[in-house]
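Bear in mind these aren't lab numbers, they're just calculated from the coordinates by the rules spelled out. Just so it is clear, the structure is predicted and the values come from calculations on it, not from any experiment. Cβ sites come from the backbone with ideal geometry, for glycine too, and all protein chains shown count toward neighbours.
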Amino acid sequence: MTNRGFAGKILFIDLTHRTTETIPLDMALAETFGGGLGLSIKLAYDRLKPSCQALSPDNPLVIGAGPFVGTNLPASSRVYGVTTFPGSGTIGWCGGGGGTFGCLLKNAGYDHVVIEGRSEAPVFVKIIDDDVEICEASWLWGTGVEEACEMLWSRFGRPAGVISIGQAGEHQVSFAMAYIDRFSTLGRGGFGAVMGSKNLKAILVKGTHGIRVADRKAYKALSQDLFQKIRTYPYLKEWQELGLLKSFPAMPLELYHALKVRRMACVSCPIGDKDLVKVSGEGFQASLRCTSSAVNLCTPLMYGFQDYREAIKCIATLDEYGLDMFEFFGSMAFAKALQDQGIMPVGAHGEEIDPGSLSSMEAWAHKISYREGLGQILADGLRGIIQHFGEEAQKYAPYTVKGMLPYVGPRGPMAWRLLGTMELGQVMDPRGPHVGASGSPTYFAKRDLALFPQHLRRMGISEEAIQRILPGLGTPAQALQVGRLLRYSHRWFTILGSLGICARAQINRFYNARLCAALYEAVTGIKTDLDALGLRADRAWTLLRMANVRAGITRNDDAAPEKWFEEPAFQEYVTERPLHYTAVERMIDDYYDEQGWDLHTGIPTTERLQELGLFEKS
């Protein structure tokens, strides 16, 4: 019997011994963890050694796509990876818009790929239906992200999904990312460096088998209602025309329209959040640039760039090397401060840093990607810079969480002062800072608390939990318990990730937890209600916590940076009064309490593990 929704196989690849093995998907295990992100966490947990270092051959890369991926459900192309990240030193997830990769992986017959070991020479993995091959990649090594994709497409044709790294990944830069189909980022925190440590340049996949659903009648009715809801959304056209600029007006709209060639989207997405732009003008050779969002193109303007064309060219350069733009600019600003203070040398060849100069930033992107000169130090990120230059450098460092830059904050590149679930989530998520807002109504907005219950019910939160999250609602004493809300935001995110639905606000607004449960049952044939869906997500998220506990992570690692509480400080969401460190500590207490984790250690209690079916007797 074909496994409805699931492709039905897991592919294991051992790069050290150049072997591949395909095993049937354990459907009981898939049901237990939901699939996608949830099952990727379980597969990683089972294969991770407690003392495993991020760049060790023993560190597995687990890539998975949920049961909705390969169907025509809106924005159901999400791909997730789980590994130990060099940027944070923790075990975490990374997600990317799947482009064509997730769909074609499922069509090739695989739900997950587990990659272990290290090849002696550069390789790429080619998956074409049942034909899996570890291929020599010297001809690809040394190329940038887009160049590698184009070379693979030229040789193997399209459609083909590609995950590739650039030169930064090859040289194991701690903030090197991988990219899906050249435009979708995968792996803030160093997923690209882990690929590079294995001498793995790329993964290419083509598939022709297709995905079927269990209950076609129910699926058709549910999906038709969902598409109708999207079609009648009053702001649909604006989202389709503007993408994330609808929420983040990072550039004048007339400028965006002048630059835009066309919008781009992952398979099955009816809105799209990616762009193809054209840059031209005096001193610039006309060129096309793909980006995961036009908002990203403006990042250099936050650091002193004056010309938007130079900003776009700079981001294109960082993307080609495979560098996380936020970690790059955070490291550059920090290094500049250290040079100004005489702590970091200018260098033998006049290696001055100017974060507002295109030529300077492109030169440093090269040095970091190839670990040349002082680039060898900067390639290890903010944590590496501090370790190298010592305590004297610490006072000039930007605030960091788990060794990485939390780019949302009062003095972050994305300036925002109200502390909601995204901001606290930068501390509490095991992978460290990221942008997974998970549908929380606090996301870059100040909303009346009276509007919160409808959002929370959409996320599948019970009435009892809503009362704990919003005590005193409608009275002068009303409050928002951010830590308790974050617990359910993480569950909602895990639900979406396990199914394969994009978590970005412009699309997940059309889904709700009950609809997800009904669709899961229609697609897979697995009996599912709201409680069962939530239980699977809680089980996966708690297992991710246990993986980190086993690796030595404690409550001390869930610490907000002290610089968050210096002026300008974060503000309390409701009152907008400056927050103190003790208030955030209470939020962490609330998060642990709502999760059923010990308040002092952050370790899930035995009772909670028993509830989730995760308790193992020694």
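Which order results if Asp380, Asp111, Asp598 are arranged by neighbouring Cβ count within 10 Å, fewest first?
Asp598, Asp380, Asp111
Order the peptides 550-562, 413-425 from the highest to the lowest mean number of other Cβ atoms within 10 Å of their residues.
Per-residue Cβ counts within 10 Å, averaged per peptide and sorted highest first, yield 413-425, 550-562.
By count of other Cβ within 10 Å, fewest leading, how are Phe124, Phe389, Phe191 ordered?
In increasing order of surrounding Cβ atoms, one gets Phe389, Phe124, Phe191.
Cα centroid distance between the range 1-47 and the range 471-517, in Å?
If you average the Cα positions of each part, the centres end up 28 Å apart.
So what does the Cα-only Debye profile of the chain read at q = 0.06 Å⁻¹, as log10 I(q)/I(0), no solvent term?
Values, matching the q order: -0.29.
Suppose R0 equals 45 Å. What FRET efficiency, 1/(1 + (r/R0)^6) with r the Cβ-Cβ distance, do Glu362 and Thr22 give to the nearest 0.05?
So the FRET efficiency works out to roughly 0.55.
Find which of Ser359, Leu276, Gln571 sits farthest along the positive direction of the dipole of the chain, computed with +1 on the beta-carbon of Lys and Arg, -1 on that of Asp and Glu, about the Cα centre.
Working it through, the farthest residue towards the positive pole turns out to be Leu276.
Where Rh is the Kirkwood radius over the Cα pairs of the range 9-206, the temperature 20 °C and the viscosity 1.002 mPa s, what D in µm²/s does Stokes-Einstein return?
133
Mind scanning Lys9/Lys220; Lys198/Lys527; Lys201/Lys313; Lys217/Lys246; Lys126/Lys229 and naming the pairs with a C-alpha gap bigger than 31 Å?
Over 31 Å Cα-Cα: Lys198/Lys527; Lys217/Lys246; Lys126/Lys229.
Mind putting a number on the dipole of the chain about its Cα centre? Charges go on the C-beta only, +1 for Lys and Arg and -1 for Asp and Glu, and I need it in Debye to the nearest 20.
1780
Determine the calculated [θ] at 222 nm for the chain from helices alone, applying -39500 (n - 2.57) to every DSSP H run no shorter than 4 residues and normalising by the residue count; nearest 500 deg cm²/dmol.
-11000 deg cm²/dmol
Can you compute the FRET efficiency between Ala286 and Glu392 using 1/(1 + (r/R0)^6), with r the Cβ-Cβ distance and R0 = 56 Å? Round to the nearest 0.05.
Result of the calculation: an efficiency of 0.75.
What ranking do Cys135, Cys94, Cys290 get, fewest neighbouring Cβ atoms within 10 angstrom at the top?
Ordered from fewest to most neighbouring Cβ atoms within 10 Å, Cys135, Cys94, Cys290 come out as Cys135, Cys290, Cys94.
How many angstrom separate the Cα center of the range 373-438 from the Cα center of the range 123-151?
One Cα centre to the other: 33 Å.
For the range 123-248, what is the largest minus smallest coordinate of the Cα atoms on each principal axis, given in angstrom and ordered from greatest to least?
Principal axes ranked by extent give 50, 40, 25 Å for the Cα atoms.
Along the principal axes of its C-alpha atoms, what lengths does the range 283-436 span, in descending order and rounded to whole Å?
44, 36, 24
Please give the peptides 605-611, 331-337, 260-266, 539-545 ranked by average Cβ packing (other Cβ atoms within 10 Å per residue), highest first, as a rough proxy for protection.
539-545, 331-337, 260-266, 605-611
Please enumerate, by chain and number, the lysines with C-alpha under 18 Å from the C-alpha of Lys402, excluding those fewer than 8 residues away in the same chain.
Qualifying lysines at Cα under 18 Å: Lys563.
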